[in-house]
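Scroll down for the structure; my scribbles are underneath it.
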């Protein structure tokens, strides 16, 4: 009898995560989705606002949902872009600016690390997970974690924190125990990019760059990015092994050096 293969994830309600959930479902994976909004592909939905503090984690509900299931991996697709420009004179704007940085750190890093630490016993206790490959934990990272483009320095700090956490995980677990993966999907035309263009000053370097990439048709679609990520996670296992604890550029199919 075949074993049902389960994926736990966040951010499956839009963008790259939505397209990735669609591919997972098409390939017969079962999905536990954590977040504020459902996608149409999850088998189990656990409501959680990732901005909530650790004390409000829905772990009891999550543990009931995944108990006894064969967990193949966890994918953190949730992410936000903080406000990129701050007024030096408007106190209220400065307050909102730094509040947005704190929220981005909470969603892009803290919630990811917290979920992983909660679900590790469930992942590690089921060696027969229906897959010939080791279980994995993964998050969508960014080149800004290692080489931030102008105006993305503080956003990059949130991604850098998560990247270092995954590197630490790779010291705790060997590849064949738990594959720890940070994935840069490339520059993708998501809602996040559209919101930056709409809400930030047109004089910002990153806004100019995004517009240039869009005009030159040089951005990936969320669907194309999701296809690259799926291939990396579930097909190209040698690439997965080489990327353990490192930053993998899925648009270029190579590890960042």
- [ ] State whether the residues of the stretch 151-158 include one that is in contact (Cβ under 8 Å) with a residue 24 or more places away in the chain and within 29 Å of residue 66 (Cα to Cα).
- [x] yes
- [ ] Would you mind finding the one in 170, 182 that is under 29 Å from residue 119 (Cα atoms), in a helix (DSSP H, G or I) and touching a residue at least 12 places away in the same chain (Cβ under 8 Å)?
- [x] 170
Open item on the list: Filter the stretch 84-113 down to the residues that are touching a residue at least 60 places away in the same chain (Cβ under 8 Å) and within 14 Å of residue 151 (Cα to Cα) and list them by number.
Closed with: 84, 85
Task: Residue among 157, 113 that alone is part of a helix (DSSP H, G or I), surrounded by fewer than 20 Cβ atoms within 10 Å (Cβ to Cβ) and within 13 Å of the chain's Cα centre (by Cα) - done: 113
Task: Given (1) touching a helix residue (DSSP H, G or I) at 6+ places or on another chain (Cβ under 9 Å); (2) loosely packed, with under 13 Cβ neighbours inside 10 Å; (3) under 27 Å from residue 155 (Cβ atoms), number of the condition residue 91 does not satisfy - done: (1)
Open item on the list: Here is a check on your reading of the model: is residue 196 over 18 Å from the mean Cα position of the chain (by Cα) and under 18 Å from residue 107 (Cβ atoms)?
Closed with: yes
Task: helices (runs of 4 or more DSSP H) lying entirely in the stretch 188-257 (those with 3 or more residues that are exposed (fewer than 15 other Cβ atoms within 10 Å of the Cβ)) - done: 191-199, 205-215, 237-242
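Just so you know, all these numbers are worked out from the coordinates, no wet-lab data involved. Predicted model, so just to flag it, every value in this text is computed and none were measured. Here the Cβ is made from the backbone with ideal geometry for all residues, glycine too, and neighbour counts use every protein chain on show.
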